[in-house]
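Have a look at the structure below, then the notes.
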Amino acid sequence: MEYIGEHLGYGNFGHFLILLSLVASLVATISFFIANKQVETIAKDSWLRIARLSFLTQTIAVFVVFGLLLFLISNHYHEYFFVWNHSSRTLQKEYLLACIWEDQSGSFLLWSLWNCVLGWIFIWRQKKFEAPVLTVVSFAQFCIATMIAGVYLFEQKIGNNPFALLRNELNAPMLFQKADYLSFPKIYEGNDLNVLLQNYWMVIHPPVLFLGFASTIIPFGFAFHGLVNKDESWVKAAIPWTSFSAGILGLGIMMGAAWAYESLSFGGYWAWDPVENASLVPWITLVAGLHTNLIYKSTGYSLRSTYFFYIISFVLVLYSTFLTRSGILGDTSVHAFTGADMTLQLLLYVLIFFVPLLVLFFIRYKSIPSIKKEEETYSREFWMFIGSLVLFLSAAVIIAKTSIPVYNKIFGTNIAPPAEQEFAHNQIQIFVAIIIGVLTALTQYFKFKNTDKKSFFRKLLVPTVAALVCSVLISLFGNINYDKFGVGFLAAIHIAIFSSVYAVIANAFYLFTDLKGKFKFSGASVAHVGFGLVLVGVLISSSKKAVLSWNTTGIAVFKKSKAEDPAENITLFKGVRTDMQRSNYHVTYVKNVFDEHTREKKFELKFEDKNSGEIFTLHPNALKANKGMEGYSFNPDKKHYWHKDIFVYISSFMENSIDDTATFNSRTMKVGDTTFYNNGRIILTGVEKNIDAVRKVEPKADAGILLKMSVIAKDGTTYEATPKVALVNGEPKLMADTVLSQSLVVKFNKLIDGATNTFEIGVKESKQVSELVTLKVYEFPMINILWIGIIVMVIGFLISVRQRIK
């Protein structure tokens with residue numbers, strides 16, 4: 001059958017380029033490897049020319065494939081499964097790029113693209129180590145190419161072809177019996193991008209994170225060179241590359257934290273999610289490796305540790321890839337990718353890099369240069385090594401806890417994650433923060449090999465006293481009383497605040513005293529100041545995070561679950577100003593509007609500060625969930641101050657979307673009588689002739705009366721209701737009044753006895769008379785310290801890179 005509207009040439013060309021890159025990367029691997037073994041210059045250069053030509057070929061192929069995919073997505077060629085499954089015609093153009101890395105094959109393609117960029121920069125800058133390092137890079141390219149090859153080998157599918165046709169992937173045989181299947185509404189529109197990825201952070205965060213992932217292969221490649229060629233001259237050249245990798249990977253991880261803070265409704269930036277952990281752990285070991293690398297360069301100690309850390313960092317990146325894309329995490333992570341089962345391939349990808357180099361490391365272990373004499377206790381290298389060791393132990397604990405689903409899979413166990421996942425990590429990592437904070441403060445004041453004790457303590461006196469004073473003031477006046485997990489954990493938080501403040505002040509002091517403010521040499525000090533600020537920001541914002549939206553109305557529209565507690569969510573009725581009693585704010589639900597461009601339902605919430613009178617408006621939104629998920633995905637909004645954020649998201653909402661089938665119940669009442677409704681009681685307090693009040697509602701009224709009623713809810717809140725009756729041209733017109741927050745409507749039916757002022761009142765309870773939202777509001781004190789710390793830390797890494805290159 002000849003199908004209408006298909007563009008098959010692009011797919012055939014794209015798949016050809018993928019296979020070309022597969023072959024070219026294999027040729028480049030072999031050629032670089034042989035070039036590395038050549039002694040004669042002529043033979044070496046000959047093999048290098050072949051290798052570079054092959055690497056260029058696969059670079060061109062990768063870039064064209066990436067561009068071709070973006071072209072197909074932009075033009076909505078839904079005959080391709082990749083394009084149909086990850087985009088739609090109504091998707092905002094600014095999110096089209098994010099469609100590529102929603103899929104497994106697209107994220108591998110992004111990784112491959114960065115490998116190409118890094119490879120050519122390395123060829124340009126580091127020709128001495130080109131052959132061994134590019135051997136590793138090219139082999140990684142070959143492995144990645146197999147992930148997107150989409151070919152069969154002995155009936156085993158290798159990789160997931162992004163140019164596969166929809167009719168070959170979607171199980172809908174009846175649909176594809178029609179030549180014009182592309183005009184079918186569901187196919188024509190597209191399956192859309194996951195709503196969680198429809199955020200600007202998800203356009204910029206994955207490229208930066210994958211650049212960080214890809215860059216860890218360079219230190220790994222240097223370690224490969226050293227072990228294969230028995231040459232340790234690579235140590236100096238590796239430092240700027242490792243500094244760059246640590247800076248970019250750290251930035252990418254924290255961009256993910258910013259995305260979580262901006263887009264997810266768990267109320268924070270870090271939840272110790274398995275995928276967050278899996279990206280954090282290689283960064284920790286890479287930083288440990290950078291410090292042992294600096295030790296060896298200056299003293300000759302810790303080369304073995306440097307080899308190990310550089311090997312394990314890249315392997316842990318591969319392991320994080322396995323965790324994220326194999327499906328082994330199940331529903332334990334909101335970040336895990338879905339798609340074709342590639343578990344075996346991913347596992348082989350990890351093992352093929354890890355096992356050979358680890359074996360080679362242990363074979364060569366004794367021959368790796370090492371100084372047998374122990375380091376002096378009062379030396380910089382001793383405490384830098386202790387710090388690296390603590391970082392490694394921290395990483396080991398995190399990855400062990402994160403790998404519980406892997407243990408369950410391998411051993412058939414059913415180990416459940418801890419009930420308090422965050423505390424399970426925090427109770428250990430708080431002590432890591434204390435140790436690393438103190439070491440970060442002290443270590444730069446030591447000199448390599450040995451340090452004069454008197455000079456050391458004299459230089460530390462001022463920053464130590466300053467840190468003590470600052471941290472004590474924070475502890476005494478900062479209202480840090482996070483005792484949820486006991487007084488011991490609270491004490492640890494206060495000690496950690498001291499250590500992190502100490503790291504900031506001591507390094508800033510070192511920068512201006514020992515370095516005399518020479519910023520071009522200040523990379524380490526600036527990075528350490530940034531790291532200390534990150535710790536301060538995390539400790540204060542997390543321990544002082546406060547719920548402002550305590551439910552004091554007694555209205556609960558959903559049941560308590562692991563994700564949400566109705567006691568921490570306040571319900572607002574449209575137009576009703578509500579007091580958040582345990583906070584400084586009144587809040588009013590003004591309206592909601594649907595944005596056709598962004599496809600978001602935006603809620604307008606007006607906040608009023610009880611003390612200052614400040615008024616501001618926030619617009620949290622909801623996107624209809626897709627990809628098989630039900631309900632809505634709620635995105636928060638924030639009010640930023642220099643010292644805090646007010647963070648709000650919608651947890652549920654209700655609109656008048658169906659017909660009101662409730663009816664009025666008649667009640668006979670006299671002035672002073674009480675009648676009841678489900679959530680309280682109604683008192684008729686008086687009857688008043690008030691033509692002015694009636695004419696505000698009915699301008700044509702000739703006469704009118706209103707009934708004055710008090711509605712008292714079960715929680716003691718009192719509302720006023722004034723149903724009215726107007727006389728218009730001799731005819732009575734009845735006007736009901738509504739108490740929105742009680743879903744209550746009252747009206748005047750008729751006068752029963754004028755002498756005794758006896759009336760018939762109509763009472764109706766209906767959820768359809770009101771629109772409501774339930775929301776959660778947090779206050780994050782001093783969270784800007786965290787974001788500033790990240791920026792400062794990355795600047796420090798970049799200063800180090802620039803200085804090391806020069």
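The values are calculated or read from the model by the stated rules, or taken from the named source; none is laboratory data. Treat the numbers as computed from the prediction; the structure is a model and nothing was measured. Heads up, the Cβs are rebuilt from the backbone with ideal geometry, glycines too, and the neighbour counts pull from every protein chain shown. Remember, those area values only see protein heavy atoms, side chains included, never the ligands or the DNA or RNA. Shrake-Rupley method; radii C 1.70, N 1.55, O 1.52, S 1.80 Å.
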Seminar exercise, completed: The answer for Asn569, listing residues at least 5 apart or on another chain whose modeled amide H is closer than 5 Å to its amide H, is Asn551
Seminar exercise, completed: Counting only protein heavy atoms with a 1.4 Å probe and every protein chain in place, the carbon and sulfur fraction of the accessible surface of segment 373-508 in whole percent equals 68 percent
Problem set entry | Count of Lys pairs (Cα-Cα under 21 Å; at least 8 positions apart or interchain) in segment 95-243 | 5
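Take the Cα atoms of segment 163-237, build their convex hull, and give its volume per residue in Å³. Could you put the intermediate results ahead of the total?
Working: hull volume 12.8 nm³, N = 75.
Cα-based convex hull of segment 163-237, divided per residue, equals 170 Å³.
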Exercise. So what are the ³J(HN,Hα) numbers for segment 18-35, from phi and the Karplus equation (6.51, -1.76, 1.60; θ = phi - 60°), rounded to whole Hz, Gly and Pro as x?
Worked result: 4, 5, 5, 5, 4, 5, 5, 5, 5, 5, 5, 4, 5, 5, 5, 5, 5, 4
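So, for segment 116-273, what is the accessible surface per residue at a probe of 1.4 Å, expressed in square angstrom?
Values: 5540 Å² over 158 residues.
That works out to 35 Å² for each residue.
Considering only protein heavy atoms and a 1.4 Å probe, what is the carbon-and-sulfur percentage of the accessible area of segment 178-255? Write out the running numbers ahead of the final one.
Working: 1570 of 2290 Å².
Carbon plus sulfur share of accessible area: 68 percent.
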For this session: Using a 1.4 angstrom probe, figure out how much accessible area segment 465-506 has per residue, in square angstrom, rounded to the nearest whole.
Result: 48 Å²
Exercise. Can you give me the pair-distance distribution of segment 78-205, C-alpha pairs, 5 Å bins, whole percents?
Worked result: 2, 10, 15, 15, 15, 15, 11, 8, 5, 2, 2, 0, 0
Seminar exercise, completed: Output ordering of 737-747, 557-567, 578-588 (per-residue mean of other Cβ within 10 Å, highest first) is 737-747, 578-588, 557-567
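Let me know the charge dipole size of the chain about its Cα centre in debye, to the nearest 20, where only the beta-carbon of Lys, Arg (+1) and Asp, Glu (-1) is charged.
The calculated dipole for the chain is roughly 2740 debye.
May I ask you to compute the full-extension gain from Asp231 to Lys157, defined as 0.36 nm times their residue separation minus their alpha-carbon distance, rounded to one decimal in nm? Can you show the working numbers first?
Values: separation 74, 0.36 × 74 = 26.64 nm, distance 4.04 nm.
Taking Asp231 through Lys157 to full extension adds about 22.6 nm, to one decimal.
When N counts the residues of the chain, how does its alpha-carbon radius of gyration compare numerically with 2.2 N^0.38 Å, as a ratio? Please list the in-between numbers first.
Working: Rg = 32.9 Å, N = 806, 2.2 N^0.38 = 28.0 Å.
The reported ratio for this selection is 1.18.
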For this session: Report Rg (one decimal) and Dmax (nearest whole number) for segment 585-740, counting Cα atoms only, units Å.
Result: 21.5, 63
Problem set entry | Angle in degrees between helix 130-147 and the longest Cα principal axis of the chain, rounded to the nearest 10 | 40 degrees
For this session: Rounded to whole Å and ordered largest first, report the semi-axes of the equivalent ellipsoid of segment 719-795 derived from its Cα gyration tensor (root of 5λ).
Result: 56, 13, 11
Problem set entry | Net +/- balance of residues flanking Val576 in space, Cβ distance below 12 Å, scoring K and R +1, D and E -1 | +1
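Tell me the volume per residue, in Å³, of the convex hull enclosing the alpha carbons of segment 473-587. Could the numbers behind the result be given before it?
On the way: hull volume 20.1 nm³, N = 115.
Expressed per residue, the convex hull around the Cα atoms of segment 473-587 is 175 Å³.
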Problem set entry | Dipole axis of the chain (+1 Lys, Arg; -1 Asp, Glu on Cβ), positive-most option in Tyr188, Val697, Ser475 | Ser475
Exercise. Excluding Ser46 itself, what net charge comes from residues whose Cβ is under 12 Å from its Cβ, given Lys and Arg +1 and Asp and Glu -1?
Worked result: +1
For this session: List, in order, the whole-Hz ³J(HN,Hα) value for each residue of segment 467-474 obtained from phi through the Karplus relation with A = 6.51, B = -1.76, C = 1.60 and θ = phi - 60°; use x for Gly and Pro.
Result: 5, 4, 4, 4, 5, 5, 4, 4
Exercise. Dipole of segment 436-500 (Lys/Arg Cβ +1, Asp/Glu Cβ -1, origin at the Cα centre): which of Val465, Gln444, Ile497 lies farthest to the positive side?
Worked result: Gln444
Exercise. Measuring from the lowest to the highest alpha carbon on each principal axis, how far does segment 44-136 reach, largest first, in angstroms?
Worked result: 53, 19, 18
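If you add up the charges near Phe82, with Lys and Arg at +1 and Asp and Glu at -1, over every other residue whose beta carbon is less than 14 angstrom from its beta carbon, what do you get? Mind showing how you got there, number by number?
Values: positive: Arg167; negative: Glu79, Glu102, Asp103, Glu169, Asp192.
Local charge sum for Phe82: -4.
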Exercise. In terms of modelled amide H atoms, which long-range or inter-chain residues lie less than 5 Å from the amide H of Val728?
Worked result: Asp702, Lys733
For this session: Output ³J(HN,Hα) for segment 732-746: one whole-Hz value per residue in order, computed from phi by the Karplus curve 6.51 cos²θ - 1.76 cosθ + 1.60 with θ = phi - 60°, and x for Gly and Pro.
Result: x, 10, 8, 10, 6, 10, 10, 9, 4, 5, 10, 6, 10, 10, 10
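Roughly speaking, to the nearest percent, how much of segment 64-160's 1.4 Å accessible area is carbon and sulfur? Intermediate results must be reported in sequence, preceding the final value.
On the way: 2060 of 3250 Å².
Ligands and nucleic acids excluded, carbon and sulfur reach 64 percent.
Using the per-residue mean of other Cβ atoms lying within 10 Å as a proxy for protection, in what order, highest first, do the peptides 703-710, 90-97, 250-257 fall? Mind dumping the intermediate values first?
Values: 703-710: 19.0, 90-97: 14.4, 250-257: 22.2.
Top of the packing list down: 250-257, 703-710, 90-97.
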Exercise. Roughly how many Å² is the accessible area per residue of segment 708-778, as a whole number, for a 1.4 Å probe?
Worked result: 42 Å²
